[in-house]
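Comments concern the structure below.
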Amino acid sequence: MSHYRFPALATALMAVAVTACATQPVPALATITGSATGSATGSATATPTASAAVEIPDTPVGGQLRWLLEAVTRLPVGDAELAGHFAPSFLEHIPPAQLNQALAGFEDMRLDRLDQAQERSLSATVTAAGKAFTLALGVDGTGKVDYIQFTGVAPASWSELDQRLRQVAPRAGFLAAELTGDGRCRPVHAVAGEKTFPLGSMFKLYVLGAVAERIRSGAFGWDTELTIRPELKSLPSGELQDRPDNSKVTVLEAARLMISISDNTATDLLIHKAGRKAVERVVRSWGGDRRNVPFLTTRELFVLKAADYPRHAERYLSLNTSARRAYLAGVVDKVPLSKVRPWAEPRELDRLEWFATPAQVCRAYGGLARLKDARVGEVLSITDAGLRLDKAQWPVVWHKGGSEPGLLAMSFLARTAAGRTYVVSTTAVNPDAPFQQGPVGQELLVLTRGAFALVKSS
């Protein structure tokens, strides 16, 4: 889940798109990727240099590169200083707090070489957290940054992907599978594909499925209004928690926010509307993990993990299913969110979360595809979290990711122009320490991009 990590856990999933998943998402992974203007342009070229001391051109974009290399060593950078280096349109989309959070994963960044440079744009190879990245940087007419993107090199083979995945985290799960016409998953390549992992905000795929099923049954519609009651509000990521009590939001808007920016209050409103047991039925019918019963709301998980911890957590975990339901209703749901306290280290990842194997994640996408609901496709297509597959080759891309300390997860469905559909799900878990979300998240994204190239050529 894109948990509240004070001020916010990198949401959901994924990369922070400057054009922005999250729900990059806002985004679930604090990796910068995208632009405020669409592209950076320039004319005057500088000679690239590759040496121990790389020569940076004396151009507007070169000056911003010098500043960036120094600034990441003393994060967080103050709002006023960021405003002096980033375009207003950029900071409007990615505010200073989120930008600092994204850059935190690159605090040891080293410039290895300059690959190309123009007056207002450049591309360089940098190293951060022991991994190589291509940094693309662009400035606007005033010399302020309006484009920044970190990308890695995609794996050329499954064996390379496996090796790099093992380097990402102590525990990792991966599946690349073709989704057949009847919604079944045909594995192409897997790493611990049948092993259970925490989901983070990927659990919201099940919520979306339950909502769509209830709409198909006639229980309510996409345009049905939900009331944002105070007792249903959760913590960020998201924005609905900041709207006035008892204001309204449609089911469709809540679904869009739940998937695109991983809005936790939107998620809980939808669970309440569809019904907890309806979500559990979807989990069961799609072959999901039995540990998702009772199916927790985001608010309940916050309380269990961070209100008077570990008292509520231990009590809840000691109970059977029916007693857990009673404890949620009688105790947990009555704890005010003001009692929730920050946590930055991995906590109860194998006991208090939502769970699925990579194969079950694929089956969830199969269930969503079988619904043949245009709104479902619309919601899941809002952001690609920076995956950036060639639209001519992959015209349809669905996405949901998730994270919390010690957990990064992402999943995608993509359909080729010829009509073949593939699902790639990747999960990284470190039960002992949180990830450097920028480099690690970007590496998972690059591995995913490489996986789609490999399945297409297989």
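The values are calculated or read from the model by the stated rules, or taken from the named source; none is laboratory data. Here the structure is a predicted model, which is why all the values come from computation and not from measurement. Quick reminder, even Gly has a Cβ in these numbers, built from the backbone with ideal geometry, and neighbours come from all protein chains shown.
As an exercise: evaluate A176 against (1) surrounded by fewer than 23 Cβ atoms within 10 Å (Cβ to Cβ); (2) more than 30 Å from I94 (Cβ to Cβ); (3) of a type in the set (A, V, I, L, M, F, W, C) and give the number of the one condition it does not meet.
Condition not satisfied by A176: (1).
Could you tell me whether any residue of the stretch 426-436 is within 23 Å of R184 (Cα to Cα), crowded, with 16+ Cβ neighbours inside 10 Å and out of contact with any Asp or Glu (no Cβ under 8 Å at 6 or more places or on another chain)? Please lay out each step first, then the result.
We begin by selecting, within the stretch 426-436, every residue within 23 Å of R184 (Cα to Cα); these are 426-427.
In the following step, the residues that additionally are crowded, with 16+ Cβ neighbours inside 10 Å were identified as 426-427.
From what is left, the residues that are out of contact with any Asp or Glu (no Cβ under 8 Å at 6 or more places or on another chain) are 426-427.
Looking for residues that are within 23 Å of R184 (Cα to Cα), crowded, with 16+ Cβ neighbours inside 10 Å and out of contact with any Asp or Glu (no Cβ under 8 Å at 6 or more places or on another chain), one finds at least one in the stretch 426-436, hence yes.
Given L75, L69, L65, which one is crowded, with 19+ Cβ neighbours inside 10 Å and either under 18 Å from G450 (Cα atoms) or not assigned by TED's automatic domain parsing to the domain that holds A453 (or both)? Even if it seems obvious, please write down each step before you answer.
On the way: L75 fails: crowded, with 19+ Cβ neighbours inside 10 Å; L69 fails: crowded, with 19+ Cβ neighbours inside 10 Å.
Within the list L75, L69, L65, the selection yields L65.
Tell me, which strands (runs of 3 or more DSSP E) wholly within the stretch 96-185 include 1 or more residues that are among the small types (G, A, S)? It would help to see each step written out before you state the result.
Numbers: elements: 110-118, 121-128, 131-139, 145-151, 171-179.
The qualifying strands (runs of 3 or more DSSP E) are 110-118, 121-128, 131-139, 171-179.
Does the stretch 39-55 include one or more residues that are more than 22 Å from A129 (Cβ to Cβ), at pLDDT below 95, surrounded by 14 or more Cβ atoms within 10 Å (Cβ to Cβ) and in contact with a Phe, Trp or Tyr (Cβ under 7 Å, 6 or more places away or on another chain)?
yes
Could you grab me the full set of residues in the stretch 318-337 that are in a helix (DSSP H, G or I) and over 13 Å from E300 (Cα atoms)?
Just the residues of the stretch 318-337 that are in a helix (DSSP H, G or I), to begin with: 321-330, 332-334, 337.
T321, S322, A323 - these are the residues of the stretch 318-337 that are in a helix (DSSP H, G or I) and over 13 Å from E300 (Cα atoms).
Restricted to the stretch 86-95, and to residues that are buried (at least 22 other Cβ atoms within 10 Å of the Cβ) and outside any helix (DSSP H, G or I), which residue is nearest to the chain's Cα centre (by Cα)?
First pass over the stretch 86-95, keeping only residues buried (at least 22 other Cβ atoms within 10 Å of the Cβ): 86-87, 90, 94.
Now narrow it down to the ones that are outside any helix (DSSP H, G or I): 86-87, 94.
On the way: F86: 24, A87: 25, I94: 15 Å.
Among those residues, the one meeting the criterion is I94.
Would you point out the residue of the stretch 417-445, among those that are modelled with pLDDT of 90 or more and in a helix (DSSP H, G or I), that is farthest from G130 (Cα to Cα)?
Selected residue: L445.
Quick one: what pairs do we get from the stretch 212-234, first residue within 19 Å of L380 (Cβ to Cβ), second aromatic (F, W, Y), C-beta under 8 Å, 6+ apart or different chains?
Close Cβ pairs satisfying both conditions: R214/F220; I215/W222.
Restricting attention to the stretch 184-201, does a residue exist that is surrounded by 14 or more Cβ atoms within 10 Å (Cβ to Cβ), of a type in the set (D, E, K, R) and within 21 Å of N292 (Cβ to Cβ)? Before the answer, list the steps.
Quick first cut of the stretch 184-201, residues surrounded by 14 or more Cβ atoms within 10 Å (Cβ to Cβ) only: 185, 187-193, 195-201.
Right, trim to of a type in the set (D, E, K, R) and you get 195.
This time we only want the ones that are within 21 Å of N292 (Cβ to Cβ), so: 195.
Looking through the stretch 184-201, at least one residue is surrounded by 14 or more Cβ atoms within 10 Å (Cβ to Cβ), of a type in the set (D, E, K, R) and within 21 Å of N292 (Cβ to Cβ).
Do any residues in the stretch 133-147 that are small (G, A, S) have Cβ atoms under 7 Å from those of residues that are part of a loop (DSSP other than H, G, I, E, B), where the two are at least six apart or on different chains, and which pairs are they?
Once the first residue is small (G, A, S) and sits in the stretch 133-147, its partners that are part of a loop (DSSP other than H, G, I, E, B) give G138/A40; G138/R120.
Out of all the residues in the stretch 297-356, which are loosely packed, with under 15 Cβ neighbours inside 10 Å and on the phi > 0 side of the Ramachandran plot?
D308
Residue by residue through the stretch 221-251, note down the ones that are part of a loop (DSSP other than H, G, I, E, B) and under 15 Å from D263 (Cβ atoms).
I228, K233, S234, L235, P236, S237, G238, E239, R243, S247, listed by residue number.
With respect to K400, determine if the residue is under 16 Å from the mean Cα position of the chain (by Cα), on the phi < 0 side of the Ramachandran plot, outside any loop (DSSP other than H, G, I, E, B) and charged (D, E, K, R). Talk me through it step by step, then tell me what you get.
Working: under 16 Å from the mean Cα position of the chain (by Cα): yes; on the phi < 0 side of the Ramachandran plot: yes; outside any loop (DSSP other than H, G, I, E, B): yes; charged (D, E, K, R): yes.
Yes.
Just for the stretch 270-296: of the residues that are farther than 17 Å from L232 by Cα and small (G, A, S), which one is surrounded by the most Cβ atoms within 10 Å (Cβ to Cβ)?
G288
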